[in-house]
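The values are calculated or read from the model by the stated rules, or taken from the named source; none is laboratory data. In this text the structure is predicted, and so the values were computed from the model without any measurement. All Cβ positions, even for glycine, are placed from backbone atoms using ideal geometry, and neighbour counts span all protein chains on display. What goes into the accessible areas is simple: the full protein's heavy atoms, side chains included, and nothing from ligands, DNA or RNA. Shrake-Rupley method; radii C 1.70, N 1.55, O 1.52, S 1.80 Å.
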Amino acid sequence: MKTADEASGRAPGESRAPSGELVLGRYRLVRRLGAGGFGVVWLAHDEKLDRAVAVKRIEVHDDGVAARAEREAKAAARLGHPGIVALYETARDDDAVYLVSELVRGRTLGELLEDGALSDADVLRLGVALCDALAHAHRRGVVHRDVKPGNVVVPAGGEHDGRVKLTDFGVARTLDDDALTRTGDVVGTLAYMAPEQADGRGAGAEADLYALGLVLFEALSGVNPVRGRGAAATARRVGARLPALGRLRRDLALELCRAIDRAVLPRPEQRGTLAELRGALRTALPAAGGDPGTVAAGRLAELAPPAARPPVRPGARALAALAAGALTAAGLTWLAADPPLAPLAGAAGAALAVALLPRLGWLAAAAALAVCCADGVAVLVLAVALPTALLLRRADTLWSAPAGAPLLGAVGLAAAWPALAGQARRPWHRLALGALGFWWLALAEVASGARLGLGAPPGAGRAGAAALATLVTSGALAVAAVWGAAALALPAFVRGRRLAVDVVGATAWAALAGSSAQAVAAALTWRDGPPSVRGLVAGAVLAGGAAVVLRALRGEARGRSAP
């Protein structure tokens, strides 16, 4: 949204508002302030309250435009913060949707930077205010998705006291709107877009943190290292590891540079939090320079090509190593006929390999275990390893996680597995973990002869390709699809906002997942009659409780990181 002072002069060829046009029965359009790809903004006079306002007029050409306008209105209506432009009213007539908001008289951050009107201290003060505004939006479940200098309005005189107004929530999304989390939904400004957002993998609070970090990087270094000479060049730089800010501005505090460098890392989970970035800005503020001026653009030669995957976090490596070691020990103990080494030694070797190289180590451990086993059991080991590696190709530390389903099955609670799989952050990981859990469970039943869930299909035998073929053709894998779908859908039922609502949602989810799994099982035509899921009721109860508790714990963790 443009400001009044920004458009005080009319560009050549720019149309004026129809003289005296009154919209919504109270807003008299005065002057067109600007236009973009999504609506035209007018300076208007509210004749009812006698005040100047900004009116954004969005012509409704199709249902998609109407939905986007409604999304912007709902997102803005949730917010009430001094650092965010306030929405007064939204309404619609036959031709357009109107968003009426406060009129901010000032200049955009981009204009101030271009004119050299800001000092380092001014930039840090504005950065603190933007951290606060975004933190408020995230607490209300709104992700802006288009944080850039042009969408940051600094009221007249606000550059020296840290007053800002974050505007234009036209591409914002609400975290509880599942329709907007689908892959392929790529919106925003490419030069400030987080890699996961550009890839269509969804944009959470981490994407706003990345964009803000890039805005601060540009303000302090004089250059946006992602922006190229054209859209294609910019797209090639998205996801690159950026040059260290400290190399471009050696006079800045080291901890400040590190905080901003961290905020623009390619991997979302490595960027830290808004609270941490805000703390670094506040700490560096007393020593920051107070002289305004234009920062000389840094050299872009230091910009690396798109970075290889950053190393996995130490804690995740340790958990993956422990899981791989435990699985190797169990396999050598119960599956290998004449193991060439003791289970403890094999477990130690597998754990070390996975700790050093998570993917290659896990595959090497699976291959070594298959070699140690008899031919029939080796088929089952490879049948577990290959689909897991394929479906969780980029989730190194989750490769051993589906082993949790057979462990739950051993105590009669296999039906609780989808609740644990549903804790994964990415939709594809939830879906894959849910389905793989049943696959591991089914193969464990074939190998052990024990009934952990449905039990092995009649005639499957204990191992080998014939047993695998019987399992695949029995129809039992339909339950894997149910478990995958249940894990995928869990966040839609348990959102972590209110405990009572989450309890009801978890109960409905557990009942739906359990009844669906049992309905699929009842449709199977096995020799001894339709099977039933072992521990279905107990597992469903545990699944519902686990969903609520785990979601609450994650909510508390986010709360501790908020400023």
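Taking segment 374-423, which residues are buried (at least 24 other Cβ atoms within 10 Å of the Cβ) and polar (S, T, N, Q)?
Once the filter is applied, which keeps residues that are buried (at least 24 other Cβ atoms within 10 Å of the Cβ) and polar (S, T, N, Q), segment 374-423 yields T388, S400.
Does any residue of segment 58-70 turn out to be buried (at least 18 other Cβ atoms within 10 Å of the Cβ) and either part of a strand (DSSP E or B) or at pLDDT 85 or above (or both)?
yes
Within segment 224-239, does at least one residue satisfy the condition of being in a helix (DSSP H, G or I) and modelled with pLDDT of 85 or more?
Within segment 224-239, the subset in a helix (DSSP H, G or I) is 231-237.
Narrowing the set further to residues that are modelled with pLDDT of 85 or more leaves none.
No, segment 224-239 has no match at all.
Within the group A121, A117, A75, which residue is touching a residue at least 60 places away in the same chain (Cβ under 8 Å) and in contact with a Phe, Trp or Tyr (Cβ under 6 Å, 6 or more places away or on another chain)?
Residue meeting the stated conditions: A75.
Being in contact with an Asp or Glu (Cβ under 8 Å, 6 or more places away or on another chain) and either open to solvent by less than 40 Å² (accessible area, probe 1.4 Å) or at pLDDT below 75 (or both), is that true of even one residue in segment 469-479?
First pass over segment 469-479, keeping only residues in contact with an Asp or Glu (Cβ under 8 Å, 6 or more places away or on another chain): none.
Within segment 469-479 (the criterion being in contact with an Asp or Glu (Cβ under 8 Å, 6 or more places away or on another chain) and either open to solvent by less than 40 Å² (accessible area, probe 1.4 Å) or at pLDDT below 75 (or both)), the answer is no, since none of the residues qualifies.
Which one of these does F217 not meet: (1) surrounded by 20 or more Cβ atoms within 10 Å (Cβ to Cβ); (2) closer than 25 Å to R282 by Cβ; (3) in contact with a strand residue (DSSP E or B) (Cβ under 7 Å, 6 or more places away or on another chain)?
Result: F217 passes all but (3).
List the pairs whose first member sits in segment 405-432 and is under 20 Å from A489 (Cβ atoms), whose second member is in a helix (DSSP H, G or I) and among the acidic types (D, E), and whose Cβ atoms are under 9 Å apart, counting only residues at least 6 apart or on separate chains?
R425/E269
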